[in-house]
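The values are calculated or read from the model by the stated rules, or taken from the named source; none is laboratory data. Note that this is a predicted model, so its numbers are computed, not measured. No Cβ is skipped: glycine too gets one built from the backbone with ideal geometry, and neighbour counts run over all protein chains shown. What goes into the accessible areas is simple: the full protein's heavy atoms, side chains included, and nothing from ligands, DNA or RNA. Shrake-Rupley method; radii C 1.70, N 1.55, O 1.52, S 1.80 Å.
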Amino acid sequence: MNPLLSVVIPAYQAQDCLARALDSVVGFGDEVEVIVVDDGSTDGTADLARRYVERFAGQVHLLSKPNGGHGSAINAGLERATGTYLKVVDADDWLDRDALAQVLDTLRAQVADGGGVDLLVSNFVYEKVGKRRKTVVRYRGALRRGRVSTWAQTRHFGKRQYLMMHALTYRTDVLRRSGLRLPEHTFYVDNLYALVPLSHVHTLYYLDVDLYRYFIGRPDQSVQESVMLRRLDQQLRVNWLMLDHVTGTVAHDRRLRRYQLHYVEIICAVTSILLLRAGTAQALAEKEALWSQMRAQDPELYRKVRWSGLGQMCNLPGATGRRVSVLAYRVAQRAIGFS
């Protein structure tokens, strides 16, 4: 029988943190297949992974490939996976083992009951360096707890309740049917992973457990603002691909469409604020092009996103407006505990 769950761990230069990620997902028997995708590391990542392959024979697998970036590693893991469900765990993050056991119980029951849901959603915790009080992102209110739902049964998603990759355990054939293929040598592709397959998701299950531990705060981490400013071209590329997907895909439910707009609104706001922070003539021109092209490409999408609260916040006119936009963004970050 195929494993119940494939855990794909993209790993690049991860010798110092990979053991923590692996320790959190091994030892669950044949139900959990762990695939470490070594993305061209030159340190001891592969050697460390091989020790787990030997210790957990048949349960942990190592796939080594030339460097292609985070998206390339996820693509390779998806191709190799044999589990009914799939979870991506970045090499510097980890899962709560008790919560994972509950996830497995839930998935097992769902499969036994008639095939299983398309997407299981669980909570994730920001494990920020130096911060004792952790921020937990939960989906109470937006999703029904402990029950199979359709998009029509979802409710309003709050600003912090967008479905990041960390919250998602997809049915593997949903990912494949969606045609998901993440771009190589590009950061921030997790936004595409969390958006593109949703048009093939018809049933959801929200398990209210704090499963994923999202480690943030390293100076060189891709989500650090200074790093994001250096990689604005990649943030923009992902943003454009998200817009192309939402524009070119017909949502099978109006509440799915509403959620897609919610997610696009957040990512467009993040991109816009980063461009304002960069402050160069080129960056400001890129911001104007983002919104102008959205208006030309999909007027309805533009109207709903541009005149949302976040859309207005990041498009205040003039130099003073730009400073206010950045300040408002900072306040919002602190209010929800992300900074």
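Summary of computed values
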read-out: Which numbered condition Leu62 fails, given (1) open to solvent by less than 30 Å² (accessible area, probe 1.4 Å); (2) touching a Lys or Arg at 6+ places or on another chain (Cβ under 9 Å); (3) outside any helix (DSSP H, G or I); value: (1)
read-out: Residue under evaluation Asp105, criteria (1) buried (at least 16 other Cβ atoms within 10 Å of the Cβ); (2) outside any loop (DSSP other than H, G, I, E, B); (3) among the acidic types (Asp, Glu), criterion not met; value: (1)
read-out: Some residue of the stretch 209-226 being closer than 19 Å to Glu300 by Cα and not basic (Lys, Arg); value: no
read-out: Residue in the stretch 30-45 that is assigned to a loop (DSSP other than H, G, I, E, B) and under 30 Å from Leu204 (Cβ atoms) present; value: no
read-out: Lone qualifier among Glu79, Glu54 - being open to solvent by 10 Å² or more (accessible area, probe 1.4 Å), outside any strand (DSSP E or B), closer than 25 Å to His185 by Cα and modelled with pLDDT of 95 or more; value: Glu79
read-out: Residue match in the stretch 140-149 (condition: touching a Lys or Arg at 6+ places or on another chain (Cβ under 6 Å) and among the hydrophobic types (A, V, I, L, M, F, W, C)); value: yes
read-out: Candidates Tyr162, Tyr188, Tyr206 - the one that is under 17 Å from Asp118 (Cα atoms) and not small (Gly, Ala, Ser); value: Tyr206
read-out: Residue that is nearest to the chain's Cα centre (by Cα), among those in the stretch 122-175 that are basic (Lys, Arg) and closer than 13 Å to Tyr206 by Cα; value: Arg138
read-out: Residues (closer than 28 Å to Arg108 by Cβ and open to solvent by 40 Å² or more (accessible area, probe 1.4 Å)) located in the stretch 142-161; value: Arg144, Arg145, Gly146, Arg147, Val148, Thr150, Ala152, Gln153, Arg155
read-out: Condition broken by Gly116, with the remaining ones in (1) within 30 Å of His202 (Cβ to Cβ); (2) open to solvent by less than 30 Å² (accessible area, probe 1.4 Å); (3) touching a His at 6+ places or on another chain (Cβ under 9 Å) satisfied; value: (3)
read-out: Of all residues in the stretch 121-141 being of a type outside the set (Val, Ile, Thr) and free of Cβ contacts under 8 Å to residues at least 60 places away in the same chain, the one that is most open to solvent (accessible area, probe 1.4 Å); value: Arg132
read-out: The one condition in (1) open to solvent by less than 50 Å² (accessible area, probe 1.4 Å); (2) under 21 Å from His166 (Cα atoms) that Gly40 fails to fulfil; value: (2)
read-out: Within the stretch 208-221, considering residues that are in contact with a helix residue (DSSP H, G or I) (Cβ under 7 Å, 6 or more places away or on another chain) and crowded, with 17+ Cβ neighbours inside 10 Å, the one modelled with the lowest pLDDT; value: Tyr214
